Structure formats: C-alpha cells, structure tokens
1. Please go through (1) in a loop (DSSP other than H, G, I, E, B); (2) crowded, with 16+ Cβ neighbours inside 10 Å for residue 114 and return the number of the only condition it doesn't satisfy.
2. Give segment 102-111 a look and list any residue that's crowded, with 23+ Cβ neighbours inside 10 Å and either of a type in the set (A, V, I, L, M, F, W, C) or more than 17 Å from the chain's Cα centre (by Cα) (or both), or say none.
3. If residue 124 passes every condition in (1) out of contact with any helix residue (DSSP H, G or I) (no Cβ under 8 Å at 6 or more places or on another chain); (2) closer than 22 Å to residue 79 by Cβ; (3) surrounded by 15 or more Cβ atoms within 10 Å (Cβ to Cβ) but one, which one does it miss?
4. Being modelled with pLDDT under 95 and touching a Lys or Arg at 6+ places or on another chain (Cβ under 9 Å), is that true of even one residue in segment 232-245?
5. Could you identify the single residue in 284, 258, 280, 273 that is modelled with pLDDT of 95 or more, in contact with a Pro (Cβ under 6 Å, 6 or more places away or on another chain) and within 16 Å of residue 13 (Cα to Cα)?
6. So for segment 254-269 (the condition being at positive phi and open to solvent by 20 Å² or more (accessible area, probe 1.4 Å)), does at least one residue qualify?
7. Can you tell me which residue among 3, 10 is within 23 Å of the chain's Cα centre (by Cα), of a type outside the set (D, E, K, R) and open to solvent by 40 Å² or more (accessible area, probe 1.4 Å)?
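The values are calculated or read from the model by the stated rules, or taken from the named source; none is laboratory data. None of the values given here were measured: they were computed from a predicted structure. Every residue, glycine as well, gets a Cβ built from its backbone with ideal geometry; the counts of neighbours run over all protein chains shown. Keep in mind that these areas ignore ligands, DNA and RNA; they rest on the heavy atoms of the full protein, side chains included. Shrake-Rupley method; radii C 1.70, N 1.55, O 1.52, S 1.80 Å.
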Amino acid sequence: MNTPVRGRITAALTDAGLGGALCATDIDTGATVALAADTPVSTASVHKLCLVATLYREAAAGRLDPTTPVDIPAGARAPGPTGLAVMRDAARLSLRDLASLAVAVSDNAAADILWDHLGLDTVNATMNALGLTRTIAVHNQAGLYATMVADTGDSGPAALVDPAAVARLTVLDPARTNRSTPREITALLTAVWRDEVCDGAWGEELRAVLGVQAWSHRLASGFPFDDVRVSGKTGTLPTQRHEAGVVEYPDGGRYAVAVFTRAASTAATLPAADAAIGRAARIAVDALRNRNTRERT
C-alpha cells in the first residue's frame, strides 16, 4: 500500500481519537490495503462471523441440519442488549434463524445457543482448516461477559467508563480472549464470498445471513449509496469498536474489509469513532478501485 493511503487511513482514525488496524482485500484480484493488518486483536462480536460460517460449513458437509428447531427456555440466557437476551418468554427457533439473530442484532443469547450446539473446538477447527490459524475462540458470549464481571468486581456497568477498571479487562487483551487479525478476518470473508467455506445454495444462504445486519453507523456509513451493498458484523467492547464486512458495487467489485479500533476515551457513546470506521474503510476501498482502474487503462 502506498504511503499516502496509509497516512489518510491513519488520519481518519486519529482525528476521531482512535488507534487501529485495517485490512481491505479485493475479493476477485487479491489486492490488499493494509494497516497493521497482522496485529492480534480482540474480536468481540466480530467472532460471530466465525460461528455462523462454521454452522453453514457443517450444514454443507451434512453434519447438521440448520433447520433443526431449538427450544429456548425463558431463563438462563446470555446477557446482552438485543434479541433473545432481552426477551422474557420461551421461544422455539431453528439454528439458522438463531444465526440470523446473531448477525442482524448481534444477539448474544442466540449466538450462545449456536456456540453450545457447535462447540468452541468445532469453530476453531473450521478456522484452522481454512488456514486461519490465528483466529481462535476461547469463550462464548456468556463467558466473555463473565470475565468482565470478574475483572470489575461489584462496581457493575459503571466501572466500564472508569479508565482504571477498563485497564483491568482481560477481554481487551487478545492473548486472553477471542482473537484474530484484520488480515485473517478479511480472508474469512473472502472465502465466504468465493464459495470456499461452502458453495451452492449453502454459500448463497450464508451470504444472505451475513447481509441482514441492522447497524449502519460504522462500516456502511462510508458507502451511503443505494446501489452499494454492505454486509457486516460489528464488535464492541469498552474503548474498542470494530466492524468487518463485504462491500459490493454494482459494477461487480467486491471488497472484504476489517477495521479494528481502540479509543483513548472510555465513553460508551462516541459517534465520531463509529463514523471513522466507515471513512477508513472507504479510503481503503477507493484505493483498491483506483488501482483496478489504472491497471485496466
């Protein structure tokens, strides 16, 4: 990547009070724009991409039926602000509908039912089989939250804006939580869009599920066009805001992008930081598209 592009990406993040790492890959040519792309990062809910990809790979191999219904009792659900995590009554959903909830609204309870059904070892083995040896899950969503409770003691959510408490959080340390690198996350998305995770109808359905995310304030904010499709998955931890996804243009251009950031501020709401993810992604994708234009002329 040329220095001016790297400088513009760095400036977009720095102006919002962020440090970060990025990888953007042209899915069809393999050309890449990278900024600290091999740096280990805490994936937070971005790791749900790995979970859902594994579900569909297992389905394609005939090892499970994603239409299998699951009875979900009213209690003992993983904590979270959306989806089944905040619902009060018992429910019954298929595995693939749970996957849709895990992506669409980052539903932790839905994700943990899938984690329990598949197992951490299966998800990790799938990533390893795809060559993503640095993409590792060590706990489900409930386990992730449990470490935060243990690290903050009795202070509760209020501790998550206290810099001293945030500094104690093990979930911010990639060595002790679910982790990957920006390059490996874009490699996973590239494999999904190239039908290398699973092909045929399963591959089409997996891409459709990854396209239902409700949030548009991060990655998608950089591509405010009706004819550009953005499929993405956010991840959020105290001081950390991430998103990874695929940007598809009407001319056929397809770009996998992963942006992982950490803010100096511990504030829970930082709109400028969210928007910076979209700006950084747009700079990277524009660089890839401009490179393709130059190569064709």
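1. It fails just one condition, (1).
2. If the condition is that a residue be crowded, with 23+ Cβ neighbours inside 10 Å and either of a type in the set (A, V, I, L, M, F, W, C) or more than 17 Å from the chain's Cα centre (by Cα) (or both), then 102, 103, 109, 110, 111 are the ones that fit.
3. Answer for residue 124: the failing condition is (2).
4. Yes, segment 232-245 has at least one match.
5. On inspection, the qualifying residue turns out to be 258.
6. For segment 254-269, residues at positive phi and open to solvent by 20 Å² or more (accessible area, probe 1.4 Å): absent.
7. That would be 10, the only listed residue that is within 23 Å of the chain's Cα centre (by Cα), of a type outside the set (D, E, K, R) and open to solvent by 40 Å² or more (accessible area, probe 1.4 Å).
Yes/no per residue for (1) out of contact with any Lys or Arg (no Cβ under 9 Å at 6 or more places or on another chain); (2) assigned to a loop (DSSP other than H, G, I, E, B):
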site	(1), (2)
198	no, yes
211	no, yes
214	yes, yes
220	yes, no
